[in-house]
Each structure stands twice: as structure tokens, then as C-alpha cells.
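Below: the structure, in C-alpha cells.
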Amino acid sequence: MAPSSGRRPPPSAEELEERNIVGINKETVTNTVSTDFPDNFANEEHAWDKEHFRRHFRVQFHSNQQFDAQFSLIGVDASIANAFRRILIAEIPTLAIETVFVNNNTSVIQDEVLAHRLGLIPFTGSKEGIRDFLNFWRKPREGQDAFETTFDNNTVALQLRVRCEANPDAAASADPDAERDPRKLYRHAHVYASDITMELLGGQAKYFSGEGAIRPVYPDILIAKMRPGQELDIDMHMHKGYGWDHSKYSPVATASYRLMPTIQILKPILGDDARKFVGCFPEGVAGLGRVTAEEARWLGSGCEGCEGEVKAVVKDPMRDTVSREVLRHAEFDGKVRLGRRKDHFIFSIESLGQWDSDELFVEAVKTLKRKCQVLRPQVTDMVQLF
């Protein structure tokens, strides 16, 4: 017997594909650990290579609306995808109300609850002004006045001055139900985000006038309900901040990703079983086709003599929620395999309105690049020490 050379033959395309799939079984999940690093497989080179990454990395948009986007990152590691997710949530600056000065509040809402509601209202305005003109506000040190660190280039002054009064025209209304509607009975019975106004200070007029004015993204957000005699007289200071400091500064309502599902039909599923198979998935994931003449003639296809019969086919696996419903039925044992691709991440970004959804991802890339630029000389210095 010839001695073994000890070298393992290069992996086949099928083996490489198998390594890249997380196995979704009836009660377990397998192959979850990343293996594409040096020395994990004998005689295989898995050191990171820029050209290899360039050839295999793709960004594919599925929908791109102003405040809602869905796209795929293909060819990256989970650590990189998760870095983008965390940056989107916590490291892209936005505006939010930070300091609330309550001059008068005779509504039924307590001051601290009202201040919390105001802080969570998303605002927008001139993008140039928010990104380039406004700087970050520094909290005053102990003993300092709150206004000592407040300037026109780091603070936006807002006011909310509303008083509820009886509507003298309500009784003259021809609508018999008008008397039951407080919005018709009274003026300013409901206080909305649109009632908040901005006071231009110093150089802010250059950036925040006209269409660039600082304003609520959603003007119909309800702040409080009042009745005649009640009023709100509030001054507010708005600053730039990061989501890692407080969630009110997060630019997204959701920023999440999931792995691309895979569905493999290993053996033909025909007739009533095919219809049941389609019902095991969300709409659009699987569908019905017909056995072709070629399949019916091909020995070993499992469709011999079944030309024209209904068969199950996979249409759009991206729609699948991986519920595993199909694995509950005995008739599909050994006929279907579920999985998820390790390097295909389907991102969903829902912007709160300060940034467009596609801008958010571009800004996340810029932020990660800046982090790498800071880290690179530190790693270089550390290597040189050894």
C-alpha cells in the first residue's frame, strides 16, 4: 500500500457550499460556528484577502424608500454585519430635546412624564445645518450654570406655549355631535408636536430658515390633552447626541438583520403532498409546477411516468420565516432540507426621519471606516513592540 502524502485534496464546490449553510433541523440548529480562518482545515488557506473579498462582496437592495429600506449584505462575516447593526442603532448622531424648562404646566400630565414625552419626539431640519453647523453640547460642570455651555452652534431653542380655551363657535355648529367632540368644543384641546416652535439664535438663521427649519418629523404626535383653563408654557433645549447615551438619539426605529433562508427539495413532492408542502410556508415562498416530459423519462428522478402531474417548487426563499412547519409532517421526511446562509444578511432599516434610510447605511460604513483608521496605527504599534 502506497504511503499517504498527508495532504488533503481541495474541497469540492459542494463541500464549500455545505460549510456555508447553517442547518435548520426539527429540534436543533447545526453548523453555526464560523470556519473560514487559517488552520481550521488542513492544507487550506483561509487568511483574509482583499481581492477575494472584493470579488465576492455584494450589496443588493430589495426596497429603498425614504424611511424604510431592505437590502442584502453578501460575502461578509457575522461580526461585520453586527458591527453595522450596532452602529446604526447607537453611533449615528441625531437631534433630541435634552433640557426642559417648565414655566407653567397645569395639564394633568406630570412635569417629568411630559419632559420624557417631549424628549422622544424625533426632529428634522436642514441636513447641512445639523451635520456641519451644530456641534455637540457639553454638559456644565458642577457649579456651572446650565447656560454657560450653551451657544447657537450647539443648542436649538424650542418653545411650547399653548392654552386651552372654549370655542365660541362650537354652539353655532350645525353638526349635532359637535358638542361631544372636544376638538370642536375647545381650542387646543389636543396638543400636538406641531405646536412646538423654534427660536432662531445667532448664526442658526443661515441654516434653519424656511424649509430647513427644525421641526417634528411627525407633526401629529399627541403630547397632551387639555381642557379650558389649562396651559403649557415650556422652553426646551435640543442637542445632538448618540444612541449609546440615550435611545432618544437613535436614528432608527428598527435596524435588524436575518440570515438568508435556504430550502432544498431533495426528492420530488407530488400531488396532494405538493399542495400541503406549499401551505407549510408563508405566501410566495413555495409554489406548484408541473413535471416535465424530460423529468418523467429520466430514470431515478422520482418522477418517472408522472408527466404533467403537480409538483412542489421553491419560488422565493427570502420570504421564509424558517418556522420549520414543514419538518413536523412525516410525509416530508428526507425530502426537504432547511438552512440559512452564513454570509448572506438581509438588513431592514426603518429611519425615524432625521436621516433617509439609505443614508443611514452609508453613514454606518463611514463610521466603521473611521474606527478602523483609529485602530490601525494602534495595532501597528503593538506589533512593532514584539
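The values are calculated or read from the model by the stated rules, or taken from the named source; none is laboratory data. All values reported here derive from a predicted model rather than from experimental measurement. In this analysis, Cβ positions are derived from the backbone assuming ideal geometry, glycine residues included, and neighbour counts consider all displayed protein chains. All accessible areas refer to the heavy atoms of the entire protein, side chains included, with ligands and DNA or RNA removed. Shrake-Rupley method; radii C 1.70, N 1.55, O 1.52, S 1.80 Å.
Can you find even one residue in region 334-344 that is open to solvent by less than 30 Å² (accessible area, probe 1.4 Å), in contact with a strand residue (DSSP E or B) (Cβ under 9 Å, 6 or more places away or on another chain), closer than 30 Å to Y218 by Cα and not in a loop (DSSP other than H, G, I, E, B)?
No: zero hits.
Residues checked against (1) part of a loop (DSSP other than H, G, I, E, B); (2) of a type in the set (A, V, I, L, M); (3) over 30 Å from P122 (Cβ atoms):
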| position | (1), (2), (3) |
| --- | --- |
| V22 | no, yes, yes |
| K26 | yes, no, yes |
| S34 | yes, no, yes |
| N43 | yes, no, yes |
| F53 | no, no, yes |
| V59 | no, yes, no |
| V76 | yes, yes, no |
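Go through G271, G287, G302 for me and flag whichever is more than 30 Å from R19 (Cβ to Cβ) and touching a strand residue (DSSP E or B) at 6+ places or on another chain (Cβ under 9 Å).
That would be G271, the only listed residue that is more than 30 Å from R19 (Cβ to Cβ) and touching a strand residue (DSSP E or B) at 6+ places or on another chain (Cβ under 9 Å).
I need the full set of residues from region 42-73 which are open to solvent by 100 Å² or more (accessible area, probe 1.4 Å) and within 24 Å of I349 (Cα to Cα), in order please.
Just the residues of region 42-73 that are open to solvent by 100 Å² or more (accessible area, probe 1.4 Å), to begin with: 45, 48, 50, 54-55, 58, 65-66.
Within region 42-73, R58, Q65, Q66 qualify.
Anything in region 103-125 that is over 24 Å from the mean Cα position of the chain (by Cα), surrounded by 17 or more Cβ atoms within 10 Å (Cβ to Cβ) and of a type outside the set (S, T, Y)? List them, or say none.
Of everything in region 103-125, those that are over 24 Å from the mean Cα position of the chain (by Cα), surrounded by 17 or more Cβ atoms within 10 Å (Cβ to Cβ) and of a type outside the set (S, T, Y) turn out to be N105, I109, L114, A115.
Give the number of residues within region 230-268 that are within 29 Å of F332 (Cα to Cα) and free of Cβ contacts under 8 Å to residues at least 24 places away in the same chain.
Of the residues in region 230-268, 0 are within 29 Å of F332 (Cα to Cα) and free of Cβ contacts under 8 Å to residues at least 24 places away in the same chain.
Being at pLDDT 90 or above and not in a loop (DSSP other than H, G, I, E, B) is the filter; apply it to region 294-324 and report the residue that is most open to solvent (accessible area, probe 1.4 Å).
Checked region 294-324; the qualifying residue most open to solvent (accessible area, probe 1.4 Å) is R319.
Here is a list: Q373, Q354, Q378. Which entry is under 21 Å from Y242 (Cα atoms) and either modelled with pLDDT of 95 or more or more than 20 Å from the chain's Cα centre (by Cα) (or both)?
From the options Q373, Q354, Q378, the qualifying one is Q373.
Show me the helices (runs of 4 or more DSSP H) entirely contained within region 78-188 in which 2 or more residues are under 22 Å from H237 (Cβ atoms).
111-119
In the set M236, M198, which member is modelled with pLDDT under 95, closer than 16 Å to T155 by Cβ and either in a strand (DSSP E or B) or hydroxyl-bearing (S, T, Y) (or both)?
Criteria check complete, one pass: M198.
Please state which one of A274, A330 is open to solvent by less than 40 Å² (accessible area, probe 1.4 Å) and of a type in the set (A, V, I, L, M, F, W, C). Can you show your working first?
On the way: A330 fails: open to solvent by less than 40 Å² (accessible area, probe 1.4 Å).
Just a single option satisfies the conditions, and that option is A274.
Across region 345-362, what is the number of residues that are open to solvent by 50 Å² or more (accessible area, probe 1.4 Å) and assigned to a loop (DSSP other than H, G, I, E, B)?
0
I'd like to verify a number: residues in region 24-41 that are exposed (fewer than 10 other Cβ atoms within 10 Å of the Cβ) and closer than 21 Å to E325 by Cβ, how many?
Within region 24-41, residues that are exposed (fewer than 10 other Cβ atoms within 10 Å of the Cβ) and closer than 21 Å to E325 by Cβ number 2.
Which one of these does K371 not meet: (1) touching a residue at least 24 places away in the same chain (Cβ under 8 Å); (2) touching a helix residue (DSSP H, G or I) at 6+ places or on another chain (Cβ under 9 Å); (3) surrounded by fewer than 20 Cβ atoms within 10 Å (Cβ to Cβ); (4) not in a loop (DSSP other than H, G, I, E, B)?
Every listed condition holds for K371 apart from (1).
Determine the pairs where a residue that is closer than 22 Å to I109 by Cα and open to solvent by less than 40 Å² (accessible area, probe 1.4 Å), located within region 181-206, has a partner that is of a type in the set (V, I, T) and outside any strand (DSSP E or B) with Cβ atoms under 7 Å apart, the partner being 6 or more residues away or on another chain.
A193/I121; A193/I221
Considering every residue within region 281-292, establish whether at least one is surrounded by fewer than 16 Cβ atoms within 10 Å (Cβ to Cβ) and either part of a helix (DSSP H, G or I) or of a type in the set (K, R) (or both).
Among the residues of region 281-292, at least one is surrounded by fewer than 16 Cβ atoms within 10 Å (Cβ to Cβ) and either part of a helix (DSSP H, G or I) or of a type in the set (K, R) (or both), which makes the answer yes.
Given the criteria open to solvent by 20 Å² or more (accessible area, probe 1.4 Å), at positive phi and modelled with pLDDT under 90, does G229 qualify? Reasoning before the result, please.
Values: open to solvent by 20 Å² or more (accessible area, probe 1.4 Å): yes; at positive phi: yes; modelled with pLDDT under 90: no.
Here the answer is no, as G229 does not meet what is asked.
Mind checking which residues of region 236-259 are surrounded by 18 or more Cβ atoms within 10 Å (Cβ to Cβ) and over 30 Å from I130 (Cα atoms)?
If the condition is that a residue be surrounded by 18 or more Cβ atoms within 10 Å (Cβ to Cβ) and over 30 Å from I130 (Cα atoms), then L259 is the only one that fits.
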